[in-house]
1. Would you mind getting me the FRET efficiency between Q24 and N142? Use the beta-carbon distance for r and R0 = 45 Å, nearest 0.05.
2. Over what distance in Å are the Cα centres of the range 24-54 and the range 216-233 separated?
3. Setting aside same-chain residues fewer than 8 positions from K277, which lysines have a Cα under 20 Å from its Cα?
4. Could you list, bin by bin from short to long, the percent of Cα-Cα pairs of the range 315-383 in 5 Å steps?
5. For the chain, max minus min Cα coordinate along each principal axis, in Å, sorted largest first?
6. Using label points projected 7 Å from each Cα along Cα→Cβ, tell me how many nm separate N50 and D3, to one decimal.
7. Which helices, taking whole DSSP H runs in the chain, have alpha carbons extending 24 angstrom or more along the helix axis plus mean Kyte-Doolittle at least -1.0?
8. Are any of the pairs K113/K193; K7/K105; K64/K106; K244/K365; K30/K105 more than 24 Å apart by Cα-Cα distance, and if so, which?
Amino acid sequence: MTDSILKLCGHLFMNALRFGYFRQTGKAGKPQALSLEVTHRCIAKCIMCNIWKIPEHVEDMSLKRWVAFLSSDLFSELIELDITGGEPFLRKDLADLIGEICRLKKENFTKLKSIAITTNGLLTGRVLEASKSILENLRPANLDLVMVCAMDAVGPIHDRVRCYPDAWKRVHETISGLKNLRDQYPNLIIGLKTTVLPINVNELEAISSYANENGLFTIISPCIITPARYLNPDRSEDLAFDGKMKRAMIDFFRSDAFRWSFHAEALARYLETGIMKKPCTCGFNYLFVRSTGEMLLCPLMGQSPGNIHDDSVTTLFHGQKARRIRRRIGKSPECLSCTEPGLERYALPYQGLHYLFILVKQGRKDFLNLHRHMGLNKYFESG
Ligand code: SF4
Ligand code: SF4
């Protein structure tokens, strides 16, 4: 074993000890990853999501309020920042918000490596114009922009999922435009996010090929039913998978395309057994803030430590209520069927033990490929 892998093992072991202590006490360090739902507004009306039904009069937090929130010293260890919605590009001040984040990087977010924005890609002109302006700001700040475009099929089934005419054509145009930007800005990384539903189970191979042809990463995962983030328990019956659909997904997730994905294997096992087993450190090194200011330690569990309008983020994050919620992380009924695709990325380095186990099981070479493919090296770099 080389020095670097030994160092990584030592790091993971120390992280495992620290996480064990936090787990017992309900305490936490500082967040390394943060998701901001900058708006609940959306022009799509997707069949698996009810965010768009939140009434117009429910106000999104102002730019000034987001900046005040982000200025907290609690975020000095932040490595990844995730901007989501609704449709984030409906905010005309989105590029200004990112500009403020770049300014804060100098003193507050000194460890920040990347900003990810999830978009439905329907507002092609606006997305491309704002992305260019954002990339101009990110380049001198040495930050990557990760653009995640929602795509549920290559063709008209996508329009049916998004309940929006020409949705496929528009997202395809957005991706083409982003690829042009990528030629000018190497710090732009583009990916697809696919929500697997009964209607598109047979579209996954085509999505995977489209991603390969266009140099895009993929996040492909079954839809999640939750009264919290997606407000969609009313959709549970319509969106249930039968045995044949589950088998198709298992075969897909076990195909070569997912050789370097931790999530795909966890999903395949879940689809076989009905029980999800994966590490989760939500609320320990991650938190989610809704457009109303409500803080969630896990976006899928309903319990909130409070609203950032009422208390400081540090008080909420370290308070008794947050500690009580933290003790339930990974152990709640929601966790047994949790197919959330992104959060285990944050968990693997922080929880430590599971990642060490993967290293032992896969061997050094395969493990390092997985490590780089998931972009987790940024959690072990100094500065
Ligand atoms: S899934 Fe995204 S794009 Fe679709 S309605 Fe919900 S917020 Fe809008
Ligand atoms: S495993 Fe549980 S706590 Fe973690 S993201 Fe899923 S529902 Fe939330």
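Here, each number is a calculation from the coordinates, and none is a lab measurement. All values reported here derive from a predicted model rather than from experimental measurement. Counting neighbours? That spans all protein chains shown, and the Cβs are built from the backbone with ideal geometry, glycine included.
1. Working: r = 37 Å, r/R0 = 0.83.
Efficiency at R0 = 45 Å is approximately 0.75.
2. 11
3. Answer for K277, where 20 Å is the Cα cut-off: K246, K331, K361, listed by chain and number.
4. 3, 13, 17, 21, 17, 15, 9, 4, 1
5. Result, largest extent first: 51, 47, 43 Å.
6. Roughly 5.7 nm, to one decimal.
7. On the way: long enough: 3-25 (33 Å, 0.18); 167-184 (26 Å, -1.04).
Both cut-offs are met by 3-25.
8. Numbers: K113/K193 21 Å; K7/K105 27 Å; K64/K106 19 Å; K244/K365 35 Å; K30/K105 16 Å.
Long pairs (Cα-Cα over 24 Å): K7/K105; K244/K365.
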